[in-house]
Amino acid sequence: MTLFDLTGKVALVTGGGRGLGRGMAFALAQAGADVAVTSRTKSQLEETAKAIEALGRRAFAVTCDVTQPESIEKTVKAVLDRFGRLDILVNAAGVNKRTPSLEVTPELWDLIVDTNLKGTFFCCQAAAKVMKEQGGGKIINIGSLASEIGLPRRVPYTAAKSGVLGLTKALAVEWASYNICINAIGPGYYRTEMTEPLFADKEWTKKLLARIPMKRAGLPEDLAGAVIFLASKASDYVTGQIIYVDGGFLAGWLD
Ligand code: NDP
């Protein structure tokens with residue numbers, strides 16, 4: 001269906017080497033986009049790029065540290081040199097470490113906030129400079145349940161992911177005149193490298209699944225529909241919103 005067709009579009013996915021970023025990169029390619037993936041681990045990017053090329057799309061693996069604005073600028077330039085345009089940005093690079101708040105160091109705070117919040121902002125800025133010149137674009141930030149509710153022992157992460165939602169709304173207002181739509185996806189609990197230590201705990205997993213109305217954790221492919229929608233023409237009048245893809249977690253309390 002042409003409303004969701006991304007043929008001829010170029011996407012850049014940060015955190016695209018594994019986990020949810022990899023899943024969304026693959027989904028965009030399935031919908032027709034050529035996709036550049038970025039993170040700090042070249043081998044994972046190359047593996048994702050290979051999987052995208054196997055779908056018959058063009059792919060590009062480029063390393064980047066999103067905590068460094070100059071690294072982001074270089075990456076966007078490399079994507080332009082390779083593909084000549086940039087239509088879609090997905091900001092999936094992220095990091096989290098559960099720590100009681102009384103033990104959070106300035107270094108841990110900076111790592112989590114710089115990756116999830118500062119990195120997201122400067123990726124948005126670098127992409128928007130290109131999209132403004134092109135006449136528009138789509139930016140999809142990755143929030144979390146922590147964009148909406150407070151998660152204990154994940155306070156820097158909660159602050160950063162709440163900030164991601166805030167900047168998504170503010171930029172949506174500011175960049176609407178450039179025809180840039182900027183929205184967020186809020187995944188619930190997904191089993192990835194980030195959450196593996198949690199899911200390794202059988203008791204914790206049992207309690208979590210009991211709390212999710214759909215009674216299962218998310219899979220990377222559960223984000224495919226939301227990311228394709230927000231990247232496509234189908235969402236041209238949607239900006240400044242967050243879509244939670246959480247199996248019903250935030251919809252209410254199960255008693
Ligand atoms: P993973 O740990 O599997 O993936 C994180 C990705 O981010 C990796 O590709 C990693 O690559 C990249 N990354 C981390 N730091 C940097 C950096 N400084 N520069 C560039 N890339 C970086 O986690 P998930 O796939 O689970 O997480 C993806 C996103 O989804 C994150 O924003 C996370 O907060 C969010 N999320 C995840 C949930 C879940 O349940 N899993 C729930 C809600 C939100 P590398 O380390 O090689 O650089």
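Counting only heavy atoms of the protein chains, get the accessible area per residue of the chain (1.4 Å probe) and round it to a whole Å² value. Present the calculation step by step, with values, prior to reporting the outcome.
Details: 12040 Å² over 255 residues.
Result: 47 Å² of accessible area for each residue.
For the chain, with all protein chains present and a 1.4 Å probe, just round the carbon and sulfur fraction of the accessible area to a whole percent. Before the final figure, lay out the partial values.
Values: 6780 of 12040 Å².
Ligands and nucleic acids excluded, carbon and sulfur give 56 percent.
In terms of solvent-accessible area of protein heavy atoms at a 1.4 angstrom probe, what is the ranking of TRP253, TRP109, TRP175, highest value first? It would help to have the intermediate numbers written out before the result.
Numbers: TRP253 190, TRP109 100, TRP175 25 Å².
From most accessible down to least: TRP253, TRP109, TRP175.
When the Kirkwood hydrodynamic radius is evaluated over all pairs of different C-alpha atoms of the stretch 73-114, what value in angstrom, to one decimal, is obtained? It would help to have the intermediate numbers written out before the result.
Working: mean 1/r = 0.0759 Å⁻¹.
By the Kirkwood definition, the hydrodynamic radius is 13.2 Å.
Using per-residue counts of other Cβ atoms within 10 Å, averaged over each peptide, order 226-234, 131-139 from highest down.
Details: 226-234: 21.7, 131-139: 18.7.
Descending packing order for the listed peptides: 226-234, 131-139.
Between ASN116, ASN141, ASN179, find the one with the highest GNM mean-square fluctuation for the chain; connect C-alpha pairs within less than 10 Å.
With Cα springs under 10 Å in the chain, the top fluctuation among ASN116, ASN141, ASN179 is at ASN179.
Which of the peptides 75-82, 154-161 is most tightly packed, and how do the rest follow, going by the mean number of other Cβ atoms within 10 Å of each residue? It would help to have the intermediate numbers written out before the result.
Details: 75-82: 17.6, 154-161: 22.0.
Going by the mean number of other Cβ atoms within 10 Å, highest first, we get 154-161, 75-82.
For a quick size check, give me the Cα extents of the stretch 12-129 along its three principal axes, largest first, whole Å.
50, 27, 22
Using only protein heavy atoms and a 1.4 Å probe, report how much of GLU70 is accessible, in Å² to the nearest 10.
110
Over every pair of different alpha-carbon atoms in the stretch 80-155, take the mean of 1/r and invert it; report that Kirkwood radius in Å. Write out the running numbers ahead of the final one.
On the way: mean 1/r = 0.0703 Å⁻¹.
When all Cα pairs of the stretch 80-155 are included, the Kirkwood radius is 14.2 Å.
May I ask for the equivalent-ellipsoid semi-axes of the chain, computed as the square root of five times each C-alpha gyration tensor eigenvalue and listed largest first in whole Å? Each step should come with its number before you reach the end.
On the way: eigenvalues 154, 78, 69 Å².
The equivalent ellipsoid of the chain has semi-axes of 28, 20, 19 Å.
Quick one: compute the contact order of the stretch 2-251, relative version, from alpha carbon pairs under 8 angstrom and 6+ residues apart, as a percent. Display every interim value, and only then the final one.
Values: 507 pairs, mean separation 50.0, N = 250.
Result for the stretch 2-251 is 20 percent.
With each run of n ≥ 4 DSSP H residues scored as -39500 (n - 2.57), what mean residue ellipticity at 222 nm is computed for the chain after dividing by its residue count and rounding to the nearest 500 deg cm²/dmol? Please list the in-between numbers first.
Numbers: 9 runs with 106 residues, N = 255.
Calculated from helices alone, the mean residue ellipticity at 222 nm is -13000 deg cm²/dmol.
Say we join alpha carbon atoms closer than 10 Å with springs in a Gaussian network model of the chain; which of ASP222, ASP110, ASP87 then has the biggest fluctuation?
Looking only at ASP222, ASP110, ASP87, the largest GNM fluctuation is found for ASP110.
Quote the accessible area belonging to ARG98 in square angstrom, nearest 10, computed with a 1.4 Å probe and with ligands, DNA and RNA left uncounted.
Approximately 90 Å² of ARG98 is accessible to the 1.4 Å probe.
The values are calculated or read from the model by the stated rules, or taken from the named source; none is laboratory data. Quantities reported herein were computed from a predicted structural model and do not represent experimental measurements. Here Cβ is always computed from backbone atoms with ideal geometry, including for glycine, and neighbour counts include all displayed protein chains. Accessible surface is based on the protein model in full, side chains and every heavy atom, while ligands, DNA and RNA are left aside. Shrake-Rupley method; radii C 1.70, N 1.55, O 1.52, S 1.80 Å.
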